[in-house]
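Engineer: Before I ask anything, let me first share the structure, which is written out below as structure tokens.
The values are calculated or read from the model by the stated rules, or taken from the named source; none is laboratory data. The shown structure was predicted, so the numbers you read here are calculated from the model rather than taken from an experiment. Cβ: placed from backbone, ideal geometry, glycine included. Neighbour counts: every protein chain shown.
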Amino acid sequence: MTDKSMEITENAQPDPKDYSLCGHLINAFSIIGKKWNGLIINALCDTEAMRFRDLARCISRCSDRVLVERLKELEQENIVQRQVDHGIISYSLTTKGKELKPVCEHVHNWADKWA
């Protein structure tokens, strides 16, 4: 390789259409951008733990079946944890999920201004 070809390679800008460069971002949006997930995370940001029926009441337009699906998906992503205490099931955010609280706040601010 000549010095000139090395210089071109080193100074080359990434192709903005090459989305493989932002795989983490794509993965993050596929999780939090899925219908109802943002609302579930947001509802859990404001509390230590929430029972299923209370969560369902907060997100009343989401069917129970879909809410259960989304909660399971968020559990698999280690964003939500499910606890059973004396037969009472509740959900809360994991440490990973709690780190989304500022993201939710920024989305709220953006939505207030633009949506």
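Engineer: For region 66-83, how many residues meet the condition of being in a loop (DSSP other than H, G, I, E, B) and farther than 17 Å from residue 99 by Cβ? Show your work before the answer.
Structural biologist: First pass over region 66-83, keeping only residues in a loop (DSSP other than H, G, I, E, B): 77-79.
In the following step, the residues that additionally are farther than 17 Å from residue 99 by Cβ were identified as none.
Looking only at that region, the number is 0.
Engineer: Since residue 92 meets every condition but one in (1) in a helix (DSSP H, G or I); (2) at pLDDT 95 or above, which condition does it not meet?
Structural biologist: If we test residue 92 against (1) in a helix (DSSP H, G or I); (2) at pLDDT 95 or above, just (1) comes out false.
Engineer: Select from region 33-49 the residues that are β-branched (Val, Ile, Thr) and crowded, with 16+ Cβ neighbours inside 10 Å and list them in ascending order. Quick ask: steps written out before the conclusion?
Structural biologist: If we filter region 33-49 for residues that are β-branched (Val, Ile, Thr), which is where we start, we get 40-41, 47.
Those that are β-branched (Val, Ile, Thr) and crowded, with 16+ Cβ neighbours inside 10 Å: 40, 41.
Engineer: Would you mention how many residues in region 102-115 are in contact with a helix residue (DSSP H, G or I) (Cβ under 6 Å, 6 or more places away or on another chain) and either farther than 18 Å from residue 27 by Cα or not in a helix (DSSP H, G or I) (or both)? Give the steps one after another, and end with the answer.
Structural biologist: Keep residues of region 102-115 that are in contact with a helix residue (DSSP H, G or I) (Cβ under 6 Å, 6 or more places away or on another chain), which gives 104.
Narrowing the set further to residues that are either farther than 18 Å from residue 27 by Cα or not in a helix (DSSP H, G or I) (or both) leaves none.
Number of matching residues: 0.
Engineer: Check off (1) at pLDDT 90 or above; (2) of a type outside the set (A, V, I, L, M); (3) not in a helix (DSSP H, G or I) for residue 15 and give me the number that stays unchecked.
Structural biologist: (1)
Engineer: Can I ask one more? Please go through (1) under 18 Å from residue 104 (Cβ atoms); (2) in a strand (DSSP E or B); (3) touching a Lys or Arg at 6+ places or on another chain (Cβ under 7 Å) for residue 40 and return the number of the only condition it doesn't satisfy.
Structural biologist: So the condition that residue 40 fails would be (2).
Engineer: So how many residues does region 87-101 have that are among the charged types (D, E, K, R) and surrounded by fewer than 12 Cβ atoms within 10 Å (Cβ to Cβ)? Before the answer, list the steps.
Structural biologist: So the first thing to find is which residues in region 87-101 are among the charged types (D, E, K, R), and the list is 96, 98-99, 101.
Add one more test, that the residue is surrounded by fewer than 12 Cβ atoms within 10 Å (Cβ to Cβ), and what stays is 99.
Total meeting the criteria: 1.
Engineer: Return a yes/no flag: does region 18-25 have any residue that is at pLDDT below 95 and either surrounded by 11 or more Cβ atoms within 10 Å (Cβ to Cβ) or touching a Gly at 6+ places or on another chain (Cβ under 9 Å) (or both).
Structural biologist: Taking region 18-25 and keeping what is at pLDDT below 95, we get 18-25.
Add one more test, that the residue is either surrounded by 11 or more Cβ atoms within 10 Å (Cβ to Cβ) or touching a Gly at 6+ places or on another chain (Cβ under 9 Å) (or both), and what stays is 21-22.
Taking every residue of region 18-25 in turn, at least one turns out to be at pLDDT below 95 and either surrounded by 11 or more Cβ atoms within 10 Å (Cβ to Cβ) or touching a Gly at 6+ places or on another chain (Cβ under 9 Å) (or both).
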